[in-house]
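Here's the structure, in structure tokens; my notes come after.
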Amino acid sequence: MADETGGRLPFSVRFDAASREVVVMMTFGNPPRQTMRRKAFSSLEAVAVAVAEHHHEAFLQATLAGELASAAIAHLGADPGRLEEAVRALSDPASTVPLGAILHGEKQP
């Protein structure tokens, strides 16, 4: 099976030529309690259903994120630019800037 996804994602998608299946391997948790889950799709219809489910979940998650950001701006006085910067910092494993410093403009020591 050849790995068709790269990077450091908690899953990989592969094609098993022997069984003619698209296989997803998902990693949960951290060592030593890390587990792997395997899910195989043996038909194009099954893959289409899985794609639709993931698109739907992504839509719901993106909509919720937008609503939360709007509420923070409207009700908590968040600066939209600083909020976006804080969200990017949370997605950056190399970021060491405290969220308060980003969100409120506090001086760093």
So which residues in the stretch 92-104 are open to solvent by 90 Å² or more (accessible area, probe 1.4 Å), closer than 28 Å to Leu9 by Cα and not β-branched (Val, Ile, Thr), if there are any at all?
-> Pro93
In the stretch 89-109, the residues that are among the small types (Gly, Ala, Ser) and either modelled with pLDDT of 90 or more or in contact with a Ser or Thr (Cβ under 9 Å, 6 or more places away or on another chain) (or both) | Ala89, Ala94, Ser95, Gly100, Ala101
Exactly one condition in (1) open to solvent by 70 Å² or more (accessible area, probe 1.4 Å); (2) part of a loop (DSSP other than H, G, I, E, B) is not met by Gln61; state its number.
-> (2)
Being at pLDDT 95 or above and open to solvent by 80 Å² or more (accessible area, probe 1.4 Å) is the filter; apply it to the stretch 1-26 and report the residue that is nearest to Ser43 (Cα to Cα).
-> Arg20
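The values are calculated or read from the model by the stated rules, or taken from the named source; none is laboratory data. Predicted, not measured: the structure shown is a model, and the values here were computed from it. All Cβ positions, glycine included, derive from the backbone under ideal geometry; neighbour counts span all protein chains shown. Just so you know, the surface numbers come from the protein's heavy atoms only, side chains and all, with ligands and any DNA or RNA stripped out. Shrake-Rupley method; radii C 1.70, N 1.55, O 1.52, S 1.80 Å.
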